[in-house]
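To keep things clear, I will list the structure first and then write my remarks on it.
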Amino acid sequence: MWRLRSRGCWHDAAALLQPRAAGDASAALKRTAVLTERCMYTSEGWDAAEDALRAAEALALTDDERGATACERGYLAYAATLLGVRDRADEARTALGRAAALLGPGSRTRPLLDFRRGLIAQHLAQNPTGAQAAFQRAHAGAANHGDELLRSFTWRHLAAMAEQEGDVAEARRGFTESLRIREELGYLIGIAPALAALAEVEEEPEAARLRTEAIRLVRLLGGVPVWLAEQLERAPSATA
């Protein structure tokens, strides 16, 4: 399932999970996460993700399970808002708030929740201080739980905030770590964004090399992520 997901084969990964997801809360949640990720990277498949989420919510019995599904609902609503599909910002905040009330401090989902609350603070509430605090909590929690994929995201977002503050050295360190983790995990769909981010804080000609490699990967994956494809095609290295 991981190999399919990491290569952008979300439909196939979801189909693989479907038999177990029909009656198992954990599998249903994983299937929801796969389909929500497809929405974020392609801006398609919203109805399928919503159906999967409702099925997962129906199977959730414990506070941790209900909190985890609320976390997914908040992220799906955030993605729809961020990508301009529909304004669901209030739903995103409410769902993540519910998740915070349900998840215990030691829950493995808590770092992911902190990260997603950071996204809300950064992109919807325009609250960089709150976002940085949430990303730092998520970063520490991901390290404690050994969640390397989440650490690749927290490294990237903390690096982006360092870049905005003018700390290029710290930004470069964070973007480099994010890229390293994604390459080690084989998270192919996440490598192009990591390359492009690192290119923004590197000098030429290294920056051009990184952008060219990002363009190659986006084309290899059929234009995924969609939000990165147009930006990269406009870059000077696209025609080099």
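The values are calculated or read from the model by the stated rules, or taken from the named source; none is laboratory data. Computed from a prediction, not measured in an experiment: that's the story for all the values here. Virtual Cβ from ideal backbone geometry, glycine too; neighbours counted across all protein chains shown. Surface areas here come from the heavy atoms of the whole protein model, side chains and all, with no ligands, DNA or RNA. Shrake-Rupley method; radii C 1.70, N 1.55, O 1.52, S 1.80 Å.
May I ask you to say which residue of 135, 175 is in contact with a His (Cβ under 8 Å, 6 or more places away or on another chain), assigned to a helix (DSSP H, G or I) and touching a residue at least 12 places away in the same chain (Cβ under 8 Å)?
135
Looking at segment 90-98, can you tell me whether even one residue there is among the hydrophobic types (A, V, I, L, M, F, W, C), closer than 23 Å to residue 226 by Cβ and either open to solvent by 10 Å² or more (accessible area, probe 1.4 Å) or not in a helix (DSSP H, G or I) (or both)?
The answer is no, given that none of the residues of segment 90-98 is among the hydrophobic types (A, V, I, L, M, F, W, C), closer than 23 Å to residue 226 by Cβ and either open to solvent by 10 Å² or more (accessible area, probe 1.4 Å) or not in a helix (DSSP H, G or I) (or both).
Provide a single number: the residues in segment 99-108 that are crowded, with 24+ Cβ neighbours inside 10 Å and closer than 14 Å to residue 142 by Cβ.
Selection size over segment 99-108: 0.
Taking residue 37 as the residue in question, decide whether it is among the acidic types (Asp, Glu) and open to solvent by 20 Å² or more (accessible area, probe 1.4 Å).
no
Restricting the first residue to segment 141-157 and requiring it to be closer than 12 Å to residue 111 by Cβ, which pairs with a second residue that is part of a loop (DSSP other than H, G, I, E, B) and open to solvent by 40 Å² or more (accessible area, probe 1.4 Å) meet a Cβ separation below 6 Å and a spacing of at least six or different chains?
Taking only residues 6 or more apart or on different chains, the pairs are 145/108.
Any residue in segment 200-227 that's touching a residue at least 40 places away in the same chain (Cβ under 8 Å) and under 27 Å from residue 44 (Cβ atoms): show its pairings with residues that are among the polar types (S, T, N, Q) and part of a loop (DSSP other than H, G, I, E, B) at Cβ separation under 8 Å, as long as the two are six or more apart or on different chains.
Pairs found: 226/43; 227/43.
Within segment 179-192, can one find any residue that is in a helix (DSSP H, G or I), in contact (Cβ under 8 Å) with a residue 60 or more places away in the chain, open to solvent by 10 Å² or more (accessible area, probe 1.4 Å) and out of contact with any His (no Cβ under 8 Å at 6 or more places or on another chain)?
Yes, segment 179-192 contains a residue that is in a helix (DSSP H, G or I), in contact (Cβ under 8 Å) with a residue 60 or more places away in the chain, open to solvent by 10 Å² or more (accessible area, probe 1.4 Å) and out of contact with any His (no Cβ under 8 Å at 6 or more places or on another chain).
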